[in-house]
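> Structure in structure tokens, see below.
The values are calculated or read from the model by the stated rules, or taken from the named source; none is laboratory data. Fair warning: this is a prediction, and the values are worked out from it, not measured in the lab. In this analysis, Cβ positions are derived from the backbone assuming ideal geometry, glycine residues included, and neighbour counts consider all displayed protein chains.
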Amino acid sequence: MCGDKSVLLADLLAHEGYSAALLSFGPEQHMVVGVKGPGPTFMSTGYLFLETTAPMYVTDVPSQYADGMKLTSEPVVIPIGKGTREYSASGQIAEIIRARDAAAPAAEALYKQTKGLPLTGSQASSINDKLKLAYTAETCLRSNVVNKNGVSVGSFKDRTVAIGWIQRNAWWM
């Protein structure tokens with residue numbers, strides 16, 4: 001399934017003029033798409049990582065998959081087409097991932113900092129609101145997260161919506 005989706009997406013990207021490739025992980029029996037773009041590339045392949053089995057941001061590499069699999073082997077790079085176009089939004093994606101990954105530690109620090117302090121009702125409410133925003137960032141900026149019923153809870157799949165939300169709400173940035 002991952003191979004079929006990856007071949008299709010890589011071919012579509014190449015058809016649109018992008019420099020695309022398949023990244024094949026033999027031992028893990030998994031395949032993803034690589035697309036050229038600015039910034040650090042995945043495992044020095046020269047390509048940005050693009051998962052096809054779940055909705056994810058370009059460059060967002062899962063630490064492990066639902067079945068517990070982790071990508072640890074060096075991928076075989078199979079260029080597709082002769083495109084020269086590059087994906088140009090990797091800087092925005094890096095901002096989204098940075099905000100998401102910083103949310104939980106910032107919330108934990110705020111909680112520890114204020115735990116046991118005598119707070120007024122409005123102070124406690126303000127802190128609670130900040131903790132809720134950090135939780136929202138931690139979950140909703142992960143576009144591939146599903147709840148125990150299998151329903152997607154990642155609501156910021158569109159990077160421009162995610163960036164706007166971060167600019168308005170990410171008190172920890």
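> Residue under question is Ser125, and the condition is that it be part of a strand (DSSP E or B) and not hydrophobic (A, V, I, L, M, F, W, C); does it hold?
no
> Further question on the same structure: Every residue in region 1-20 that is loosely packed, with under 15 Cβ neighbours inside 10 Å and not acidic (Asp, Glu), please.
Scanning region 1-20 gives Met1, Gly3, Leu8, Leu12, His15, Gly17.
> Here is a follow-up. Restricting to region 70-103, count the residues that are exposed (fewer than 15 other Cβ atoms within 10 Å of the Cβ) and of a type in the set (Gly, Ala, Ser).
Within region 70-103, residues that are exposed (fewer than 15 other Cβ atoms within 10 Å of the Cβ) and of a type in the set (Gly, Ala, Ser) number 3.
> Within region 15-69, count every residue that is farther than 23 Å from Arg98 by Cβ and aromatic (Phe, Trp, Tyr).
2
> Out of the residues in region 130-167 that are hydroxyl-bearing (Ser, Thr, Tyr) and either exposed (fewer than 13 other Cβ atoms within 10 Å of the Cβ) or not in a loop (DSSP other than H, G, I, E, B) (or both), state the one that is modelled with the highest pLDDT.
The selected residue is Tyr135.
> Moving on to the next point. Which numbered condition in (1) more than 24 Å from Glu95 (Cβ to Cβ); (2) modelled with pLDDT under 95; (3) in contact with a Lys or Arg (Cβ under 6 Å, 6 or more places away or on another chain) is the only one that Cys2 fails?
Only one criterion in (1) more than 24 Å from Glu95 (Cβ to Cβ); (2) modelled with pLDDT under 95; (3) in contact with a Lys or Arg (Cβ under 6 Å, 6 or more places away or on another chain) is unmet by Cys2, namely (3).
> Which numbered condition in (1) in contact with a Pro (Cβ under 8 Å, 6 or more places away or on another chain); (2) modelled with pLDDT of 95 or more is the only one that His15 fails?
Every listed condition holds for His15 apart from (1).
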